[in-house]
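Notes for the one structure printed next.
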Amino acid sequence: MEQLKIQYKKILSDYIQNLNESNLYIGQNFIKQLIQKNVSPEEVISIHKQAVIEIYGDLPDSMKHSYDFLIEVMLNFGLMFKEHQSLLMKQEELRIEMDIATKIQNLLLETSIPKPNSLDIGMISIPVRKMNGDYVHFRHADDSYLSVAVTDVVGKGVPAALCMSMVKYGLDTLEYAPINPSYVLEVLNNIIEKSVDDSMFVSLFYGRYNLKDDTFTYSSAGHEPAIYFNAAEQTYYDLESKGLLLGILRQVKYNQFDIKLQDDDFLIIVTDGVTDFRELENFNSREYIKSLALSCCHLSAQDMCKTIYDDLQKKQELEDDFTIVIIKKNRK
């Protein structure tokens, strides 16, 4: 430390005498040495104080006190700065970990929209944060059946993503689209109840479409009711199917129901992020979505999804994961 003090005094003295950029540059490089040797900010001020006293002689007490005050301030500053830097490093580590987890989730939960001849299917799923708490799973095993699962985990972030991976695992174990929706929910409920934390719950709407006779069989575990539009009647029906959320109790039984789709009929399956408008009082979001869908039903299913999303975004900023699936029955 003594050698550092001597060096600093020489650098300071040369600068005071010459006041040029060359001496200032030397001083800036010297600071790098102090950092490498872990000299704290308050120690730098103390070195400067001693060098000034030795160059100019004894200083007035007021000047000495001002240096002492600055040393104490910088001591506290140094501690807070180190703590701040430590928090920034931890935040950066978490950000990197979250980015990696998001990429893994996107890879694991990647889904493609099937394109059977008799149906037009569209989907939009947008997370409010980096990791999505919603998940859409399609299965189109053959030309006879198509199944769709729309899932919403009660929770956010990494825990929700891990729970969602468990849902996908359960759906992947059910290899065949013809399986009854009620049975699918019962199997998933047992998997989730055994495998995830008690604070995690899952809502899920599961539907099976018979491509031979256009019958749609559905079941729900505490999920937002799907919407069915009957083109011949120009009427909407809410597909109510009351069932307990997945993961609450074991051995739960779920009911299932059938509807038959005709030409130009369509289904709208959403998560609660689509219908939740807390900032708008007396706003019936489901009725608004029905009206909006009817006004754009001449579009493709994907364009309908986009039109609904764009319109709802204008009404309220996204506060929850937004997922919408539309299935339209094509004309024969």
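The values are calculated or read from the model by the stated rules, or taken from the named source; none is laboratory data. Predicted model, so just to flag it, every value in this text is computed and none were measured. All Cβ positions, glycine included, derive from the backbone under ideal geometry; neighbour counts span all protein chains shown.
May I ask you to verify whether residue 271 is under 20 Å from residue 147 (Cα atoms), of a type in the set (Ser, Thr, Tyr) and out of contact with any helix residue (DSSP H, G or I) (no Cβ under 9 Å at 6 or more places or on another chain)? I'd like the intermediate steps shown before the answer.
On the way: under 20 Å from residue 147 (Cα atoms): yes; of a type in the set (Ser, Thr, Tyr): yes; out of contact with any helix residue (DSSP H, G or I) (no Cβ under 9 Å at 6 or more places or on another chain): yes.
Here the answer is yes, as residue 271 does meet what is asked.
Pairs meeting the criteria (first residue in segment 277-304 and part of a loop (DSSP other than H, G, I, E, B) and acidic (Asp, Glu), second residue modelled with pLDDT under 95 and surrounded by fewer than 15 Cβ atoms within 10 Å (Cβ to Cβ), beta carbons under 7 Å, at least 6 apart or on different chains) are 279/316. Take residue 305 and decide whether it is in the same structural domain as residue 215 (by TED's automatic domain parsing), out of contact with any strand residue (DSSP E or B) (no Cβ under 6 Å at 6 or more places or on another chain), more than 20 Å from residue 218 (Cα to Cα) and among the hydrophobic types (A, V, I, L, M, F, W, C). The answer is no for residue 305. Of all the criteria given as (1) over 17 Å from residue 134 (Cβ atoms); (2) hydroxyl-bearing (Ser, Thr, Tyr); (3) at pLDDT below 95; (4) under 24 Å from the mean Cα position of the chain (by Cα), the one not satisfied by residue 288 is (4).
Here residue 321 fulfils each of the conditions (1) loosely packed, with under 14 Cβ neighbours inside 10 Å; (2) modelled with pLDDT under 90; (3) touching a Pro at 6+ places or on another chain (Cβ under 8 Å); (4) not β-branched (Val, Ile, Thr) apart from (1).
Where residues in segment 208-224 are more than 26 Å from the chain's Cα centre (by Cα) and not charged (D, E, K, R), which of them is surrounded by the most Cβ atoms within 10 Å (Cβ to Cβ)? Ranking the candidates gives 209 first. Among the candidates 54, 42, the residue that is modelled with pLDDT of 80 or more and either of a type in the set (D, E, K, R) or not in a helix (DSSP H, G or I) (or both) is uniquely 54.
Considering segment 141-157, the residues that are at pLDDT 90 or above and farther than 14 Å from residue 168 by Cβ include one that is surrounded by the most Cβ atoms within 10 Å (Cβ to Cβ), namely 146. The number of residues in segment 112-138 being assigned to a loop (DSSP other than H, G, I, E, B) and either touching an Asp or Glu at 6+ places or on another chain (Cβ under 6 Å) or not polar (S, T, N, Q) (or both) comes to 11.
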